[in-house]
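Novice: One structure is given below, represented as structure tokens, and several questions about it will come after.
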Amino acid sequence: MNQVLDERDFQQIMHEHTDYLLKLAYLYVKDWPTAEDIVQDVFITFYQKFEQFEERSSLKTYLSKITVNKCKDYLKSWRYRMHSLTNSFSTKPKNNRNRLIEQDEKLEVADAVLQLPLKYREVIIYYYFEELSIIEVAKQLDLSDNTVKTRLRKARILLKDELKEEQWEVLLHE
Amino acid sequence: MNEIKKQLMAKIGDTSEQKTRVIKRVNNALDSKSQKEKKFAWGYYVTFASFIGIFVVGLLLIPKLMNEQASQNEDNLPVVEPVDDPIQEPTEENGYYDDLIKFFPPNGTVATFKSGNSYTTVETNWLSDRYVQETIYVKDCVSCSSSSTRTFSNVFRITNEEIQQIYYGDPLEWTIQKLDQRPSLGVQLTGPIEVGTEIGIQKIVAIDAELSIDYGTFSNVVVVEGGAYPTTQEIPRTYYVPNYGVVKGGTEEFGYELVSISFDNEVTDKENDYNSLLKSYFFPPEDMDQFFIGGFENGGAKVQTRWLSGQFVQQISYNGGGTIERIYKITENQIVEIYENMIEDNQPSDLTISELEQLPTLEIVMKAPFTIGDVFEGWTLVDTNGQVSTMYGVFEDVLIVESKTENYLSRRYFATGFGEVKIESMFYNEETGKYEEGVTTELASFGQIMNEVVGNYKFRVFEEEQYKYNSIDEEETSPLNTKRAILHGRAGDFEGINRLVIEDLETGKFTIYKYRYEGEQNTPKDIEWIDENRLYVIIGYAYGTVTMGGNLYILNVEDHSITPVFEDSTNKEEIMTIGANGDGTFTYKKHIYEDEEFNVGHIEEGILSSMD
């Protein structure tokens, strides 16, 4: 327990960052119970290791990085193995889509992104979802910016294979 | 906001519920001052290359494993990528031991591999922390009984530098002394686990690779390449996953891959009660009607199960094409069919228990214990721990059987507590070289058995003396108070499926209307009596916020006929409500969408006369 982090501040931090970290974790692990577990872990770790936060980057970046690392640990662990089979069977949406607009449904891009292998999904998440620049993405992922560019290019190619013509047009303009 | 972000945000949706939970749990955890335990159990080790042993050492002894026809297609090529990893320095205490033991799974793990059409099961037993034994059962023909499987065993020693194979042959009893004395027959793996490490003529070519096989997708795969098979030019590879073991190996032409793995001996724990096991997988525990969507001409199906006694169960299947009654007997370790008959006029058989006991076996449906590879009347058991998704929900712990010919592949899924929950039939497409979906039948809903009568093209109709309902959405009595119409089901939220129930207040009988095509997810939403025998019903899509109502029908509750009121409405028009004006006319509100995105609309009113 440290005295530097005020209880109110901590609650405030959780209040501000939870939504965002949940979304980020979900994009990695694609499973809500796991995403919640991970974000819980992140805050507990943060609380207990507050002194180590050197404020070199913003709090958001710091928490994101911890979250992503924990997501990757999870994805490497045996629990993920058990889950990946479930995911592959339950991708059919059941009761929460309105049929009247199903034909015009425009979330195929999101679906395709979630199906990408991790290392391509990751760069898409950082570049499009977190809206970082190439250099910032490179820093977050410990890669060279050329590698990031290459992966983005490859990710777009993979997405293009998955999506129909009009949806692909949309992406070209991003 | 860019399109990708927009869609991802829409896809993820509102996270406030999850947020509340997270914050609450964090506060609870910190309050109790307990360190949250890391959930990732690293106590699982990985099985490795018993097959390297088989193929290299035992090649001549198991010719059939190698002679299966090529069964893998190009999609199984893994994404193998060299990754920069820090060099793993050997620790002072035990060298690479900690990494090497990860290549065997925990004690008692049973893994099954498929090569062409034959199956091999590997059971792992740790004899000490340095010695591990694999017992291997090979079925070299699909329809072999278990007595014709070949059994042999490999034993490995794990030193600080490497994994050595020290025995290959019939399974034996070992002491540590005896094991210590055995020389190495060959090295399976050497540390450090990094790209470039050489193991004899083999080499690690990747770590952290990604691999997709039928069983699942792995993203931490270590790939070892090298050696040669005498019968092919291809270089064999072995893929293993820390915490799992070997998941795939061989060449594309002669290869094998993991189809199932059980870490805690689930199936063998049930050894003691095959009878219950069989019952639970193949039949629901209580009498019930199960409704399926799909099927022949998408007409859906119903299966009615009745337990005639503890060991005899009757199932009547209605699938639009015909009605078939079957009776099964469940013995100590088998399910057998003893009766099968098409029913013409819904009159099932009426046999006594002693008559049933005398019926001979027509067909063995299933035997326990289950082993992957078992064959029953043309169906092969391909999974004992699978998962399947149906309209009703996702099931785990599913038995999957398959029947495969050149042109046609059929698969059936059995879940505990439910019985058969899905049937897929697929047709071989020569152009793509794959089996493609033909007809799928899957579980949509179930409930108590009700007496079904002839319905109409919108509703199945049931008649019952008693009917319980908890939630009532709407209730209306007919003009002369002889009947009451009840919509029940949705209660509270405005989404979900209703049943329309008509209670005859004079006779006390209930008539239940259930929307026939469950796959469409339509529901009756609003009702208004016209006279004692007829009412208006609005039927529309049950979910979401775009729908404003539905289509309007007149339902006759005497003969159960149904007629649409408006013949040519478009999918942009929905009737929202209908109400009686008291003078024989009815006012309805209609919502009309003006745009293609179903965002903008307006409401019109209209009047109907009950004479129309």
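The values are calculated or read from the model by the stated rules, or taken from the named source; none is laboratory data. Here the structure is a predicted model, which means the values were calculated and not measured. Glycine also receives a Cβ, built like all others from the backbone with ideal geometry; neighbour counts cover every protein chain displayed. SASA here: full protein model, heavy atoms, side chains in, ligands and nucleic acids out. Shrake-Rupley method; radii C 1.70, N 1.55, O 1.52, S 1.80 Å.
Novice: Give just the number: which of (1) open to solvent by 20 Å² or more (accessible area, probe 1.4 Å); (2) over 24 Å from B:Glu574 (Cβ atoms); (3) not β-branched (Val, Ile, Thr) does B:Ser478 not satisfy?
Specialist: (1)
Novice: Continuing with this model, one more query. Are any of the residues in segment B:558-566 under 16 Å from B:Tyr515 (Cβ atoms) and aliphatic (A, V, I, L, M)?
Specialist: Taking every residue of segment B:558-566 in turn, at least one turns out to be under 16 Å from B:Tyr515 (Cβ atoms) and aliphatic (A, V, I, L, M).
Novice: Within segment B:416-430, can you find the residues that are modelled with pLDDT of 90 or more and either among the aromatic types (Phe, Trp, Tyr) or more than 15 Å from B:Glu442 (Cα to Cα) (or both)?
Specialist: B:Phe418, the sole residue that qualifies.
Novice: Residues in segment B:262-271: is at least one at pLDDT 85 or above and either open to solvent by less than 10 Å² (accessible area, probe 1.4 Å) or farther than 16 Å from B:Phe113 by Cβ (or both)? Spell out the reasoning first.
Specialist: We begin by selecting, within segment B:262-271, every residue at pLDDT 85 or above; these are none.
No, the conditions are met nowhere in segment B:262-271.
Novice: Also: Of the conditions (1) more than 14 Å from chain A (Cβ to nearest Cβ); (2) under 26 Å from B:Asp129 (Cα atoms), B:Glu234 satisfies every one except a single condition; which number is it?
Specialist: Only one criterion is unmet by B:Glu234, namely (2).
Novice: How many residues, within segment B:576-612, are among the small types (Gly, Ala, Ser) and open to solvent by 70 Å² or more (accessible area, probe 1.4 Å)? Break it down into steps so the answer makes sense when it comes.
Specialist: First, the residues of segment B:576-612 that are among the small types (Gly, Ala, Ser): B:579-580, B:582, B:584, B:601, B:606, B:609-610.
Narrowing the set further to residues that are open to solvent by 70 Å² or more (accessible area, probe 1.4 Å) leaves B:582.
Residues flagged as among the small types (Gly, Ala, Ser) and open to solvent by 70 Å² or more (accessible area, probe 1.4 Å) within segment B:576-612 amount to 1.
Novice: Next up: If you go through segment B:584-612, how many residues are in a strand (DSSP E or B), of a type in the set (A, V, I, L, M, F, W, C) and within 14 Å of chain A (Cβ to nearest Cβ)? Let's see the steps before the verdict.
Specialist: Keep residues of segment B:584-612 that are in a strand (DSSP E or B), which gives B:585-593, B:601-609.
Restricting the remaining residues to those that are of a type in the set (A, V, I, L, M, F, W, C) gives B:586, B:592, B:603, B:607-608.
Remaining after also requiring within 14 Å of chain A (Cβ to nearest Cβ): B:592.
Qualifying residue count, segment B:584-612: 1.
Novice: Sticking with this structure for a sec: If I go through segment B:348-363 residue by residue, how many of them are under 26 Å from the mean Cα position of the chain (by Cα) and in a loop (DSSP other than H, G, I, E, B)?
Specialist: Residues of segment B:348-363 that are under 26 Å from the mean Cα position of the chain (by Cα), as a first pass: B:363.
Still in the list and also in a loop (DSSP other than H, G, I, E, B): none.
Of the residues in that region, 0 qualify.
Novice: Those residues that are of a type in the set (Asp, Glu), surrounded by 16 or more Cβ atoms within 10 Å (Cβ to Cβ) and at pLDDT 75 or above, I need them from segment B:100-140; list them, please.
Specialist: Within segment B:100-140, B:Glu123, B:Glu134 meet the criteria.
Novice: If you don't mind, there's one more thing I want to ask. Of everything in segment B:1-27 that's at the interface with chain A (Cβ under 7 Å from one of its Cβ atoms) and not in a helix (DSSP H, G or I), which residue is least open to solvent (accessible area, probe 1.4 Å)?
Specialist: Among them, the one singled out is B:Thr15.
Novice: What is the number of the single condition among (1) open to solvent by less than 60 Å² (accessible area, probe 1.4 Å); (2) in contact with a helix residue (DSSP H, G or I) (Cβ under 6 Å, 6 or more places away or on another chain); (3) among the small types (Gly, Ala, Ser) that B:Gly321 does not meet?
Specialist: Just one mismatch for B:Gly321, condition (1).
Novice: Looking for whichever is buried (at least 16 other Cβ atoms within 10 Å of the Cβ), in contact (Cβ under 8 Å) with a residue 12 or more places away in the chain and over 30 Å from A:Lys119 (Cα atoms) here; the options are B:Ile199, B:Ile207, B:Ile193, B:Ile163. Which one fits? Can you show your working first?
Specialist: Values: B:Ile199 fails: over 30 Å from A:Lys119 (Cα atoms); B:Ile207 fails: over 30 Å from A:Lys119 (Cα atoms); B:Ile193 fails: over 30 Å from A:Lys119 (Cα atoms).
Going through B:Ile199, B:Ile207, B:Ile193, B:Ile163 in turn, the sole match is B:Ile163.
Novice: If you don't mind, another one. Of the residues that make up segment B:422-438, is at least one open to solvent by 50 Å² or more (accessible area, probe 1.4 Å) and within 11 Å of the chain's Cα centre (by Cα)? Let's see the steps before the verdict.
Specialist: As a first pass, look at segment B:422-438 and keep what is open to solvent by 50 Å² or more (accessible area, probe 1.4 Å): B:423, B:427-428, B:430-432, B:434-437.
Right, trim to within 11 Å of the chain's Cα centre (by Cα) and you get B:423.
Yes; the residues of segment B:422-438 include at least one that is open to solvent by 50 Å² or more (accessible area, probe 1.4 Å) and within 11 Å of the chain's Cα centre (by Cα).
Novice: Give just the number: which of (1) outside any loop (DSSP other than H, G, I, E, B); (2) open to solvent by less than 60 Å² (accessible area, probe 1.4 Å) does B:Lys329 not satisfy?
Specialist: (2)
Novice: Suppose we keep only residues that are closer than 16 Å to B:Tyr215 by Cβ and open to solvent by less than 10 Å² (accessible area, probe 1.4 Å) within segment B:386-398. Which one would you say is modelled with the lowest pLDDT?
Specialist: Going residue by residue through segment B:386-398, those that are closer than 16 Å to B:Tyr215 by Cβ are B:386-388, B:396-398.
Filter once more, keeping what is open to solvent by less than 10 Å² (accessible area, probe 1.4 Å): B:386, B:388, B:398.
Numbers: B:Gly386: 88, B:Val388: 91, B:Val398: 91.
Ranking the candidates gives B:Gly386 first.
Novice: Is it true that some residue in segment B:175-185 is assigned to a strand (DSSP E or B) and at pLDDT 90 or above?
Specialist: No, segment B:175-185 contains no residue that is assigned to a strand (DSSP E or B) and at pLDDT 90 or above.
Novice: Check every one of the helices (runs of 4 or more DSSP H) wholly within segment A:1-97 and list those with 1 or more residues that are at pLDDT below 80 and open to solvent by less than 10 Å² (accessible area, probe 1.4 Å).
Specialist: Details: elements: A:7-29, A:32-48, A:59-76, A:78-89.
Here the list reads A:59-76, A:78-89.
Novice: Please name all residue pairs, on different chains or six or more residues apart, with Cβ atoms under 7 Å, provided the first residue is in segment A:42-71 and is within 13 Å of another protein chain (Cβ to nearest Cβ) and the second residue is surrounded by 15 or more Cβ atoms within 10 Å (Cβ to Cβ) and modelled with pLDDT under 75.
Specialist: Close Cβ pairs satisfying both conditions: A:Ile44/B:Lys36; A:Tyr47/A:Leu5; A:Phe50/A:Leu5.
Novice: Now for a different question. Can you give me the number of residues within segment B:532-575 that are open to solvent by less than 50 Å² (accessible area, probe 1.4 Å) and either in a strand (DSSP E or B) or of a type in the set (Val, Ile, Thr) (or both)?
Specialist: Going through segment B:532-575 one residue at a time, the tally reaches 22.
Novice: Same structure, new question: What about B:Thr432, is it hydroxyl-bearing (Ser, Thr, Tyr), in a strand (DSSP E or B) and out of contact with any helix residue (DSSP H, G or I) (no Cβ under 7 Å at 6 or more places or on another chain)?
Specialist: It is false that B:Thr432 is hydroxyl-bearing (Ser, Thr, Tyr), in a strand (DSSP E or B) and out of contact with any helix residue (DSSP H, G or I) (no Cβ under 7 Å at 6 or more places or on another chain).
Novice: If you don't mind, another one. Is segment B:488-503 home to any residue that is away from chain A (no Cβ under 13 Å), of a type in the set (S, T, N, Q) and in a strand (DSSP E or B)?
Specialist: no
Novice: In addition: For the subset of segment B:332-347 comprising residues that are surrounded by 15 or more Cβ atoms within 10 Å (Cβ to Cβ) and more than 26 Å from the chain's Cα centre (by Cα), which member is farthest from B:Tyr413 (Cα to Cα)?
Specialist: Ranking the candidates gives B:Ile343 first.
Novice: Just to be sure, is B:Glu475 in a strand (DSSP E or B), farther than 21 Å from B:Val421 by Cβ and over 24 Å from the mean Cα position of the chain (by Cα)?
Specialist: yes
Novice: Scan segment B:210-220 for residues that are open to solvent by 20 Å² or more (accessible area, probe 1.4 Å), touching a Pro at 6+ places or on another chain (Cβ under 8 Å) and more than 7 Å from chain A (Cβ to nearest Cβ) and jot them down.
Specialist: B:Ser212
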